[in-house]
Amino acid sequence: MTTLSLSQDHSSNHQSAPKRTTDISYQLDFDRFFEHLVDVTLSFTADTASPRLWLPAWIPGSYLMREFARNITAVYYRIENQESKEHSDASSFKQRAHKIDKNTWQLPQVEAGQLLSVHYEVYCYDLSVRTAYVDQQRLYGNFTSLALAVEGQEKKPVQVSLIVPATFLAEQNLTTNDDSDITLACGLEATHLHVDAQDGHGKHSYSLLADSYYELIDHPFEIAAQTSFNFIVQDHMHQTLSHRFFISGKHNANMGRLQQDVTQICQTYVNWLGDAPFDDYTFMTYASGQDYGGLEHINSTSLITPRRDLPSFDEPKIPSSDYQRFLGLCSHEYFHSWWVKTVRPDVMLEVDLRKEVFTPLLWVFEGFTSYIDDFMLQASGVIDKASYLKLLAEQMNRYYQTDGRAHQSVAESSFDAWIKLYRSDENTGNAGISYYNKGALVALCLDLTLQQKSAGRYHLFDVVKAFYEQAKQKDNKRIGISSADMGTVIGQFMPIADWEDFERRYVNGVEELPLERLLTDNGITIHDDVKETADKKIPWGLRCTETPAGLKVNRVQRSSAAAKAGISAHDVIIAIDGIKADSKQLTAFSHAQHKVTCHLFRRDELMCVTVLPNVVMQGQDRVEQAFPHKINLRLVKTDSSQEQDGARQQIVPAWQMWLNGIERYQK
């Protein structure tokens, strides 16, 4: 029989509501879950006449104007404490709020001091980790999508009631195993209440408390049939930090193996950084078919993953590539509690979630994290060094296959995140670079440069920890940093002139990253994989999908043979050299020594172009071209000792100093 339970050990069941009084309360009723609708009631006392309510347009950690207000149909309000019958006759009925801009509503006819009840519905059918999703299988939400803020009262305590109908519980009995529980997963403390309805259909309610609206929106929740486990890690003071891991959705994950690996990763982070900016932490995971992503919060993370990425019951000792990807996602979002939620860009200490906040430092926060997340998999012992170098090679290949690295700096990529990264199109790879991808490789180069300039004494980990130590000295335990702050702290570990040169060339400039030199200097050899060339996937500089209608062009590489012939994205190539176009036909003519006639449709118009397959890209430096091959990385095999003055002395390979760079922080 499916039952309702709580995620928190410190939570309890009561028959009455919590005694704590809050100024603002929300009630979320999920009775219409079949329609993907949530009915929200907001109660508060107006501080001013004609108060305003607003909803965020974006969620911290995902830098795109997502316009959550589009999912609210209409907002109504009622004045609950009329003192005069005359006023009561005029305004005690439900009234429609006035929308004054895309995400703000005003409540006219309201005077300061009046108690208000606001009602609205929210459509929740986005499976991503950024918004809300409601159906008969799960009730999931971020409060940035669900809770209207009262302007001017955002710092007041709030209470939330999540009302779960008995019909939702009944649906779980039809679709889940007999021993599964309907569980609330959330980083906030919760109280479970059972409410008996007059019609005999009982409801369940979870009560959440937050110190402010801003704390509330940093805590997503999920109510669903979930499998889970608990584990603990210890900080340098031997204090215990409780962790909980939940998985919803259909899956057959090896929970024991997952618990072992995630525990090792989390403990390695805490060993390095000494302690954590949280007392407990919650992993919330939804297993799906193909979806993938994660979003960080101060003491939790919301993840969505293909179920094939979860560990199997015969998972090998060295995790499969799919499972490594999921562990990397867990590692990435977990580190964000320190490196985004605690140490963050200065402009994001206090943000207005109704407008963009621009910073050139996303490469620092997402780039450092994208480098450290995989590094920590091998530092924790979950994967070996050879597996880590394979992950690093994949980052390098993505970078080398992106022509846009010659045109957009990683700082510019950060600044333009709002209009470019989350709005990619067929020209994105030609014109820009990801601050995740290049940021990770800039972080690698900075790590190896720090090691080189300090004779192995310092690493990137020292820079991160120095910032975290600064944050702990603040009253609110967090800091915002600028580009100048980066120079100040990095200058403690390497000559400032070297950092300024590095920043000019590789952060603010578009010079090719010195990956080959730095890796070679550290005992990592780079090998061309001649069997796995880019030309196999982009003949003529084309990326195509084979369809019944022909080859659909997804992307055309700048200055390639296809581009010079006039082939464009979205064209459908129907014939090459007079023969029906398919992948084999295209490959057969990829290196032809003569002109090739190509027929294609652009929109509904037939066109004929002439391709010169071996066209040479003129006037371009090497950095402006995608590499014609893929690379892989290998450790140099060296003798661990050498003869000197008749005595045999030990040698520490450079790669060992780098890959073990976090070792001194471990217990």
Query raised in the report: Which residues, counting only those in segment 354-383, are under 16 Å from Gln324 (Cα atoms) and not in a helix (DSSP H, G or I)?
Result: Ser380, Gly381, Val382, Ile383
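In segment 81-126, which residues are of a type in the set (Phe, Trp, Tyr) and at pLDDT below 95?
Phe93 - this is the single residue of segment 81-126 that is of a type in the set (Phe, Trp, Tyr) and at pLDDT below 95.
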Report task. Just name the residue that is farthest from Pro613 (Cα to Cα) out of those in segment 549-570 that are among the charged types (D, E, K, R) and either over 33 Å from the mean Cα position of the chain (by Cα) or outside any loop (DSSP other than H, G, I, E, B) (or both). Result -> Lys552
Report task. Would you check which residues across segment 37-73 are more than 31 Å from the chain's Cα centre (by Cα) and either surrounded by fewer than 21 Cβ atoms within 10 Å (Cβ to Cβ) or of a type in the set (Phe, Trp, Tyr) (or both) and list them? Result -> Ser43, Phe44, Thr45, Ala46, Asp47, Thr48, Ala49, Ser50, Arg52
Requested in this report: Test Asn230 against the criterion of being assigned to a strand (DSSP E or B) and either out of contact with any Asp or Glu (no Cβ under 8 Å at 6 or more places or on another chain) or in contact (Cβ under 8 Å) with a residue 12 or more places away in the chain (or both), and give yes or no.
Outcome: yes
**Report entry** Failed criterion for Tyr323 (all others in (1) at pLDDT below 95; (2) buried (at least 21 other Cβ atoms within 10 Å of the Cβ) hold)
**Finding:** (1)
Requested in this report: Just name the residue that is modelled with the lowest pLDDT out of those in segment 503-543 that are buried (at least 16 other Cβ atoms within 10 Å of the Cβ), of a type in the set (A, V, I, L, M) and touching a His at 6+ places or on another chain (Cβ under 9 Å).
Outcome: Ala534
Report summary line: Filter segment 351-373 for residues that are without any contact (Cβ under 8 Å) to a residue 60 or more places away in the chain and among the charged types (D, E, K, R); the one that is nearest to Gln666 (Cα to Cα) is Asp373
Requested in this report: Please state which one of Glu511, Glu469 is under 26 Å from Ala443 (Cα atoms) and in a helix (DSSP H, G or I).
Outcome: Glu469
Report summary line: Of the listed residues (Met237, Met255), the one being at pLDDT below 95 and more than 27 Å from Pro165 (Cβ to Cβ) is Met237
Requested in this report: Scan segment 585-600 and give yes if some residue there is out of contact with any strand residue (DSSP E or B) (no Cβ under 6 Å at 6 or more places or on another chain), part of a strand (DSSP E or B) and not hydroxyl-bearing (Ser, Thr, Tyr), otherwise no.
Outcome: no
Query - Tabulated pairs, segment 387-410, first at negative phi and aromatic (Phe, Trp, Tyr), second assigned to a loop (DSSP other than H, G, I, E, B) and buried (at least 19 other Cβ atoms within 10 Å of the Cβ), C-beta under 8 angstrom, 6+ apart or interchain - result: Tyr399/Ile433; Tyr399/Leu513; Tyr400/Ala626
Query - segment 100-118, subset buried (at least 19 other Cβ atoms within 10 Å of the Cβ) and outside any loop (DSSP other than H, G, I, E, B), residue farthest from the chain's Cα centre (by Cα) - result: Leu116
Query raised in the report: Would you say Glu546 is charged (D, E, K, R), under 32 Å from the mean Cα position of the chain (by Cα), surrounded by fewer than 16 Cβ atoms within 10 Å (Cβ to Cβ) and within 30 Å of Thr359 (Cα to Cα)?
Result: no
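A quick yes/no check of all residues on (1) without any contact (Cβ under 8 Å) to a residue 60 or more places away in the chain; (2) buried (at least 21 other Cβ atoms within 10 Å of the Cβ):
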{"position": "Ala443", "(1), (2)": "no, yes"}
{"position": "Leu450", "(1), (2)": "yes, yes"}
{"position": "Ala455", "(1), (2)": "yes, no"}
{"position": "His459", "(1), (2)": "no, yes"}
{"position": "Lys465", "(1), (2)": "no, no"}
{"position": "Glu469", "(1), (2)": "yes, no"}
Query - Residue count, segment 269-316 (criterion: polar (S, T, N, Q) and over 16 Å from Tyr334 (Cβ atoms)) - result: 3
Report summary line: Restricting attention to segment 277-336, the residues that are small (Gly, Ala, Ser), in contact with a strand residue (DSSP E or B) (Cβ under 9 Å, 6 or more places away or on another chain) and on the phi < 0 side of the Ramachandran plot number exactly 6
**Report entry** Of the criteria (1) over 21 Å from Ala569 (Cα atoms); (2) touching a residue at least 24 places away in the same chain (Cβ under 8 Å); (3) not polar (S, T, N, Q), which one Asp416 fails
**Finding:** (2)
Report summary line: The condition of being surrounded by fewer than 22 Cβ atoms within 10 Å (Cβ to Cβ), outside the structural domain of Phe467 (by TED's automatic domain parsing) and aliphatic (A, V, I, L, M) holds, among Leu241, Leu273, Leu258, only for Leu241
Query raised in the report: Considering only strands (runs of 3 or more DSSP E) fully contained in segment 253-350, which possess at least 3 residues that are of a type in the set (Ser, Thr, Tyr) and touching a residue at least 60 places away in the same chain (Cβ under 8 Å)?
Result: 280-288
Query raised in the report: Looking only at segment 514-526, which residues are more than 14 Å from Gln452 (Cα to Cα) and either in a helix (DSSP H, G or I) or out of contact with any strand residue (DSSP E or B) (no Cβ under 9 Å at 6 or more places or on another chain) (or both)?
Result: Glu516
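The values are calculated or read from the model by the stated rules, or taken from the named source; none is laboratory data. If you're wondering where the values come from, they're calculated on a predicted model, not measured in any experiment. Cβ atoms come from the backbone with ideal geometry, glycine included; neighbour counts cover every protein chain shown.
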